Amino acid sequence: MSLLMMEQNPEFNKLTSEIYACQLENDQRLREELDDRARQKMYQDVRYNVDFLYTALKLQDDGLFGKYARWIYQLLCPLMNYCSRERVRDIMVEHYELIRTCMGKHIPREQHPKLNRLLDCAVRATIEESERSTLAAPFKGKYEGQVEEYLGCLLQSDTKGAMSLITQYVKDGIPLNDIYVEIVTETMRRIGDLWHRHIISVDMEHYSTSITQMALAQLYPFIFGQKRKGHLVLVACVGSELHELGARTVADIFEYNGWDSIYLGAAVPVEALESAIAEYSPDLIALSVTMPQHLPLCREAIDKLRELFPRVRIAVGGNAFLYTDIWKEWNVDIYTRDARELIKWAEKEWESVR
Amino acid sequence: MIGYAAICDHHGYVKRMIRNTALLPAVEGQNIRNLFLEEEKLDDLLSQDLSYGVSIRMKLRTEKEVFLTVLSLDSSYLILVYSIQSLEQLPQLVELILAAIHVPEVIGQDPYGTGYYEIQKLNSQLINYQRSLGKSNARLQTLLEEVREAKYTIEELEQDTLTGLLTEKAFYAKAAAVLEQNADKTFDVIAVDIEQFKIVNDVFGTKTGDRLLIDLAICLLDLKTNEWTYITRARADTFFVLLPHTKTLYEEVNKKIVDFLENYPLPMRLQAKMGIYHAGNKELIIARMCDRALMAAESIKGNYNAKYAVFDNAMHDKMLQEQKIINTMVESLNRGDFCVYLQPKVVIETGELIGAEALVRWIHPEFGFIMPSDFIPAFEKNGFIYSLDLYVWKKCCEMLRDWKQKGIRTLPISVNISRIDFYHESLPGMLIEFIREYDLSPEELHLEITETAYTKDSGQLLAIIERLRREGFIIEMDDFGSGYSSLNTLSELPIDVMKLDLKFLNQAEQNLRRQKVLECAVHLADALQVQVIAEGVETKEQAAFLKNMGCFHAQGYLYGRPMSEETFVTRYLTVPGRD
């Protein structure tokens, strides 16, 4: 299975291979030092970049690629700490120019203007980022202590510790909403970052997800024991088969606030969505998208649903939307950054319908 | 804890990072030398033979002291960098090392290795199932709660679950309200009690019994023609109805019930007792009114002719008196107000004395002479009978001993044992004790037990009687013929004497069939070597009749009424001229 959208697009696949080949050709040191495995990684990285470019193209969202460029710059600086920030900037700009060059060979001419624009965006963004005096400060919220604590347990593979921390936070009186959104979600975001920076391995990332899921499951009796309000939310993940945590957070928090939830899980095909909505007639549909590459899929799904169910309310959320405002052009009712905001919005919306 | 494990090439470049708990900055593609301050130390280490692993102490660039262990693999090194703060972290460190040595040399791993990927998917599914289960569980709990509440509500709704009539409590409340709000009207409380309802349950099963109750309830509900009528099923088979009084009410209700029972499809004759309390005295609470209605109903118990009874003053007085009796019984006993009278038993032919029956009499300082029929049932109900009987038996033993000591001729005295007495475990022991205490032999104290005691199903009772017999007591069966003995009981009864009930005799005179039965009974007794004594003989004709029948002993007014011990001794036991 592939996370990447452009699987279906042979031209962009070829572009990726081209870029990869060029990079190796141009840089002798790379050729010498990278062994097979490292080369594979490099190829993956290139693919990831191109895929993002492709996504931005499909969604016709310049901002998407620009924000991506910023993010990747931020990510690489500490990673490549043997280089200066300027050097990193140069490397990235070179990379974007390389894409531009290779583009000519494989991509249809009519797409060039758009792609060029996107690449310009990226270059600009990278340069801007490099000129910032400090790196954007890492996010430190109210529960920084707990986040570090929990993260620590995960990194040390301390299953028992992680599980008991969650229940401890409940006992300490931290609101369930906050535990989900501020502590757990932030921890997982950092785990994702660490993996992306190759600081932790993929099995650690899987382990963290599993343990977190198990730890949260301890709260189910508590969550489902709240008084019912008579509204129904249907939650599903579009595209990503492994990123359910966000969606489940929404479902759980809604349950905790008295809503009933139908939780469909991950990688839900549109047909499954349709039949579920027809069967259960939910008040609200919440769609979660983690990877920007799956945004087009989400848009398609929403269009289809709107045709069949013009009046149902639809909300979107997830990491994918962090890079873009594209949802505004979609036929959705709301986008929220996290489950807490969504439940707040929902409570207000349905207050009158009591 | 610092725990870092990685596979490096021979130049120190990290090929694969396995663990990095402290997020040391030596990731894939980087050189581990970056971690340390003393690079020469590291070089020295790497030039040694590392096939079995070598460890040294190193300083990180952060000045922190750590251990470094290097093991050489085929074409690479396994690098371990570690440091622990306490022994508690030791297991974690060991686990890290174990993880490290189990890492296969993986080339070209996908961003998501297939194995992990599948496991992660499965895990997500499991969690989803757990979530659904948790939700169902919570839902079930809520449903359970709702069911409980519903149950309470139904109970609160004041309905008897079997018949749908009001519960007793609700009835009392509603009836009280009605009476209060309608002080101008007169009301009746009617009690309806099915006779021998227990037999219906025993013979036909509780389902049929329940059905009967439900049907009767429905029949009674016909009476509910206005808002001042309430009906309840108060005890298992007792119904109370409150309704406004009308002239023809009693007849109507009675007819209704009789019709219902006569036409009821059950192969058994059903009868109901109906008692009425006319609610004139509004000072009584409903519950008491119901009691009185029931009392009226019970007063015609077993009387097939009486249709219904109205609670009247006589009953009321009786009730009061019973209460008074009960209030004073203990003191009376202690005071010696109870005395033992004796009635002679004789041979019909000669009038010769063969024994005497002890009968208790109560001479109350305030109420005067109280008949046994007035107090025995009450004492049996409240259990006082045992204390009374013990007193009587002791007194009899005393008499017997006195007679002996005084040289008076002695004969056996028969004492009555109530069915209730058999519930006391101490019974046989007490009797034996009395005999011993007063220096008597058991045959001198005959024990009279009424026939109904036998037939009321008690193997325990039979066992006690057998024991007493073994001890030497003579057992007399009282009121033979008044119960429903079967051949079984007859053949198995451990009795020595059969006392024939006069009532049976009375009817026998007119009825040829009964005569025959009586004759047979007497012969039967004879064959079983059981003595027969006829009770309640009052006329010479009766006596003659009995003799013809083959019954040679009798007791009754003809031969002497119950009298005080003094009188008895003087009249029967003392030979004139002696003493």
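Annotations
- As a calculated quantity, the FRET efficiency between residue A:27 and residue A:351 at R0 = 60 Å, using C-beta atoms, amounts to about 0.50.
- The range B:338-386 and the range A:274-309 have Cα centres lying 98 Å from one another.
- The value of relative contact order for chain B, using C-alpha pairs under 8 Å at least six residues apart, is 8 percent.
- The range A:6-130 - Rg (one decimal) and Dmax (whole number), Cα, Å: 14.1, 40
- Its Cα gyration tensor gives the range B:2-157 an equivalent ellipsoid; the semi-axes, largest first and in whole Å, are 54, 19, 12.
- The candidates A:188, B:17, arranged from most to least accessible area with a 1.4 Å probe in the full protein assembly, appear as A:188, B:17.
- Straight-line cross-link partners of residue B:499 among the lysines, defined as a Cα under 28 Å from its Cα and at least 8 positions apart when in the same chain: B:301, B:345, B:381, B:394, B:395, B:404, B:456, B:516, B:540, B:547.
- Local electrostatic count, residue B:294, Cβ distance below 15 Å [Lys/Arg +1, Asp/Glu -1]: -1
- For the range A:149-156, 3J(HN,Hα) computed residue by residue from phi via the Karplus equation (6.51, -1.76, 1.60; θ = phi - 60°) reads 4, 5, 4, x, 4, 4, 5, 8 Hz, glycine and proline entered as x.
- Between 0 and 90°, nearest 10: helix B:286-299 axis offset from chain B longest Cα axis: 50
- In the distance distribution for the range A:144-220, Cα-Cα pairs more than 16 Å apart total 42 percent.
- Binned Cα-Cα distance frequencies in the range B:168-311 - 10 Å width, integer %: 12, 44, 33, 10, 1
- For the range B:315-456, the equivalent ellipsoid built from the Cα gyration tensor has semi-axes of 27, 17, 16 Å, listed from largest to smallest.
- Rounded to the nearest 10 Å², the accessible area of residue B:564 at probe 1.4 Å: 40
- Computed over chain A, Kirkwood Rh from alpha-carbon pairs, angstrom: 22.0
- One quarter of the surface of the convex hull around the alpha-carbon atoms of the range A:167-310 equals 9.3 nm², the direction-averaged projected area.
- Entry note, the range B:323-565: relative contact order of 20 percent, from Cα contacts under 8 Å with a spacing of 6+ residues.
- Other-chain or far-sequence residues with amide H under 5 Å of residue B:354's (modelled H): B:345, B:346, B:347
- Contour excess over end-to-end distance, with Cα ends at residue B:381 and residue B:222 and 0.36 nm allotted per residue: 53.7 nm
- FRET efficiency, residue B:147 to residue A:304 (Cβ-Cβ, R0 30 Å, nearest 0.05): 0.10
- Residue order by solvent-accessible surface for B:526, B:337 is B:526, B:337, largest first, with ligands and nucleic acids left out and a 1.4 Å probe.
- Sorted from longest to shortest, the spans of the Cα atoms of the range A:98-251 along the three principal axes equal 59, 40, 29 Å.
- Based on alpha-carbon atoms, the Kirkwood radius and the radius of gyration of the range B:254-375 give Rg/Rh equal to 1.15.
- Computed FRET value (nearest 0.05) for residue B:541 with residue B:269, which takes r as the C-beta separation and R₀ as 35 Å: 0.50
- Between the range A:228-253 and the range B:1-28, the C-alpha centres lie 37 angstrom from each other.
- Long-range amide H partners of residue A:262 with built H, under 5 Å: A:233, A:234, A:235
- Accessible area (Å², 1.4 Å probe, nearest 10) - residue A:312: 20
- Over chain B: helical MRE at 222 nm, DSSP H runs n ≥ 4 each giving -39500 (n - 2.57), nearest 500: -14500 deg cm²/dmol
- The simple spin-label model puts a point 7 Å past each Cα toward its Cβ; for residue B:331 and residue B:99 those points are separated by 9.2 nm.
- Taking only the C-alpha atoms of chain B, the Rg (one decimal) and the largest Cα-Cα distance, Dmax (whole number), read 47.6, 148 Å.
- Ratio Rg/Rh [Cα only; Rh per Kirkwood] for the protein assembly as shown: 1.34
- Full-stretch length increase - residue B:439, residue B:366 - with 0.36 nm per residue and alpha-carbon distance subtracted: 22.6 nm
- Projected label distance in nm at residue A:275 and residue B:320, using a 7 Å step from Cα toward the beta-carbon: 8.6
- Rounded accessible area of residue B:565 (nearest 10 Å², 1.4 Å probe): 60
- When you restrict to C-alpha pairs under 8 Å that are six or more residues apart and normalise by the size of chain A, the relative contact order lands at 14 percent.
- The candidates B:260, B:375, B:369, arranged from most to least accessible area with a 1.4 Å probe in the full protein assembly, appear as B:369, B:260, B:375.
- Stokes-Einstein, applied to the Kirkwood radius of the range A:277-354 over Cα pairs at a viscosity of 1.306 mPa s and 10 °C, places its translational diffusion at 121 µm² s⁻¹.
The values are calculated or read from the model by the stated rules, or taken from the named source; none is laboratory data. Keep in mind that this is a model prediction, so the values were computed, not measured. Neighbour counts are summed over all protein chains in view; Cβ atoms, including those assigned to glycine, are modelled from backbone coordinates with ideal geometry. Just so you know, the surface numbers come from the protein's heavy atoms only, side chains and all, with ligands and any DNA or RNA stripped out. Shrake-Rupley method; radii C 1.70, N 1.55, O 1.52, S 1.80 Å.
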